[in-house]
Structure formats: C-alpha cells, structure tokens
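The values are calculated or read from the model by the stated rules, or taken from the named source; none is laboratory data. Here the structure is a predicted model, which means the values were calculated and not measured. Positions of Cβ are backbone-derived with ideal geometry, glycine not excepted, and every protein chain shown enters the neighbour counts.
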C-alpha cells in the first residue's frame, strides 16, 4: 500500500495487510516491550515507521499527522490481543475494518 492506496473494500486484502504488519511488529517487538509495554503502537510496515501513544486514539492521531490517508495496524505493546484499522479517505469518509473486539475511535 502507498499513500495512494485503494481503499475499495473489494480490493483490500486484510489478511495480507495483517501478515505484513505482524511481521514488522515481530522485528521491533523486543525494543517496544522494553520501553513501551502497555502503551499502544500504530504501525506502517511499508515505511517501517511506528507511533507510540497512551491510547489507541493517541497513537493513531500521531500516525495520521504524517500519513493522513493510510491504514495502520494498531496493537497494545506486549499484548497479542486485537487491532483496529481506520482511515479517513480523501473525500473525508471514515473507512474502518476491525479484527477481534471492536474499539471505537
């Protein structure tokens, strides 16, 4: 995916997105758990960047400052629990996909 990614649900592969994001998380997991356990991280596997926040909303807001239209993988550091992917499209509509229990933002 790139900043010009297609947000059409029919063309978006959540499984592929999740696998790539989880692989990047595994690369940085030890470092994050040592410094940020319990906090939330928004991950962009393409740029190899991540943003830490006290809450899901905080981590996502920091990520959106740099990449306002991208989708992010969000997880609580040190937890294998759930994530929510959200994005504001160029037209301003909210696109959201969830896996596991839903969090609202």
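Here are some notes:
- Top-ranked residue in segment 46-88 [being over 11 Å from the mean Cα position of the chain (by Cα), modelled with pLDDT under 95 and surrounded by 18 or more Cβ atoms within 10 Å (Cβ to Cβ); ranked as nearest to residue 21 (Cα to Cα)]: 77
- Residues of segment 11-37 classified as exposed (fewer than 14 other Cβ atoms within 10 Å of the Cβ) and touching a strand residue (DSSP E or B) at 6+ places or on another chain (Cβ under 7 Å), total: 1
- A residue that is over 11 Å from the mean Cα position of the chain (by Cα), on the phi > 0 side of the Ramachandran plot, modelled with pLDDT of 90 or more and in a loop (DSSP other than H, G, I, E, B) can be found somewhere in segment 38-45.
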